[in-house]
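Every number in this text was worked out from the coordinates using simple rules, so none of it is lab data. In this text, all values refer to a predicted model and were calculated from it rather than measured experimentally. When we count neighbours, we look across all protein chains shown, and the Cβ atoms used for this are built from the backbone with ideal geometry, even at glycine.
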Amino acid sequence: MSSLPATTNPFPVRVFGGPTALFEYGGLRFLTDPTFDAPGDYARPDGRFLTKTAPSTGTPADLGPVDVVLLSHDEHPDNLDISGRALLVGVPRTLTTPGGGERLGETLGEQVKGLADWESVELDRPDGGTITVTGVPAVHGPGPRAEVEPITGQVVGFVLTGEGLPTVYVSGDNASLDAVKEIAERFAPVDTALLFAGAPRFRALFDNELIVLSSAQAAEAAQILGARRVVPVHYDSWAHFTEGRDELAAAFTAAGLADRLDWGR
């Protein structure tokens with residue numbers, strides 16, 4: 001990978017397992033999809049269970065202050081669990097889906113905001129200036145959004161931008177490369193992409209088709225975005241993930257993108 005301008009040198013990203021990652025950007029500390037519960041079975045709203053197979057690599061107490069949670073969706077326990085919900089109470093701002101904003105707003109009030117596609121919020125930086133967080137499309141399954149959302153619910157991705165700052169994309173539980181192309185048309189090239197992968201499938205959903213990107217699709221998404229760095233998340237610690245680190249490494253190597261991977265540890 002070629003050297004980057006000073007303003008786009010990669011900032012550290014700490015990955016805790018599953019979809020949870022912590023990074024500082026523009027002087028604010030961001031956390032994605034908080035999940036810190038112990039291994040075990042966790043109920044979904046539809047009555048099915050998801051099985052967590054490994055503990056997180058840290059605890060909420062290890063995080064330090066968190067300024068913003070980027071919550072791709074609130075309805076599935078592998079993206080927001082019991083400890084994650086408790087953590088939100090102490091975070092000044094949570095950004096999520098429009099539906100999630102309504103549900104979580106019942107307890108969090110103005111601390112939570114739902115973002116529609118292409119809707120932005122401005123966050124004040126500690127040393128002056130602002131960070132723009134834009135909600136971007138995400139589809140949690142195969143096919144048109146109108147057919148997927150009634151089954152798996154709303155999901156939102158995020159793009160972070162700011163003067164003198166790198167462009168950051170957080171995909172959320174997205175399975176649509178068409179959505180990635182839409183995002184690239186507006187924001188590419190992306191400096192850092194946190195791509196949710198893991199190729200999760202369920203026999204009872206969508207005829208066992210993917211509901212989040214496969215490893216090969218994650219590599220393709222990186223190419224579409226012109227991503228200079230990719231931090232994979234959402235590929236381990238849950239039984240419904242069918243591809244892990246080895247498959248991701250192989251897919252990015254096959255695409256000639258191995259040097260862009262950052263495992264965030």
Would you be so kind as to identify which of 92, 64, 109 lies farthest towards the positive end of the dipole of the chain, taking Lys and Arg as +1 and Asp and Glu as -1 on Cβ and the Cα centre as origin?
64
Using the count of nearby Cβ atoms within 10 Å as a rough guide to exposure, how do 176, 171 rank from fewest to most?
176, 171
Cα Rg, Dmax, segment 13-256, angstrom units:
16.5, 50
For segment 28-142, shape from the Cα gyration tensor axes a ≥ b ≥ c, cut at a/c of 1.5 then a/b versus b/c, turns out oblate
Highest GNM mean-square fluctuation, the chain, Cα pairs closer than 10 Å: which of 39, 144, 232?
144
Taking the chain as a Gaussian network, Cα atoms linked when under 10 Å apart, which of 177, 71, 63 shows the biggest mean-square fluctuation?
63
FRET efficiency estimate (nearest 0.05) - Cβ-Cβ, residue 255 to residue 117, R0 35 angstrom:
0.80
Below 8 Å between Cα atoms, with a sequence gap of 6+, how large is the relative contact order for the chain in percent?
17
Taking DSSP loops as anything outside H, G, I, E and B, show the longest stretch in the chain free of GluC sites (Glu not before Pro) there with at most 15 other beta carbons within 10 Å.
1-118
Give me 170, 69, 89 ranked fewest to most by other Cβ atoms within 10 Å of their Cβ, as a rough exposure proxy.
89, 69, 170
Going toward the positive end of the dipole of segment 13-256, with +1 on Lys and Arg Cβ and -1 on Asp and Glu Cβ, which of 148, 251, 223 do you reach last?
251
Helix-only estimate, please: 222 nm mean residue ellipticity of the chain, summing -39500 (n - 2.57) across DSSP H runs of length 4 or more and dividing by its residues, to the nearest 500.
-6500 deg cm²/dmol
For a quick check of your reading of the filter: which trypsin sites (Lys or Arg not before Pro) in segment 96-145 sit in a DSSP loop and have no more than 13 other Cβ atoms within 10 Å?
none
If the label point is 7 Å along Cα→Cβ of residue 262, which residues in segment 208-230 have backbone nitrogen under 19 Å from it?
218-230
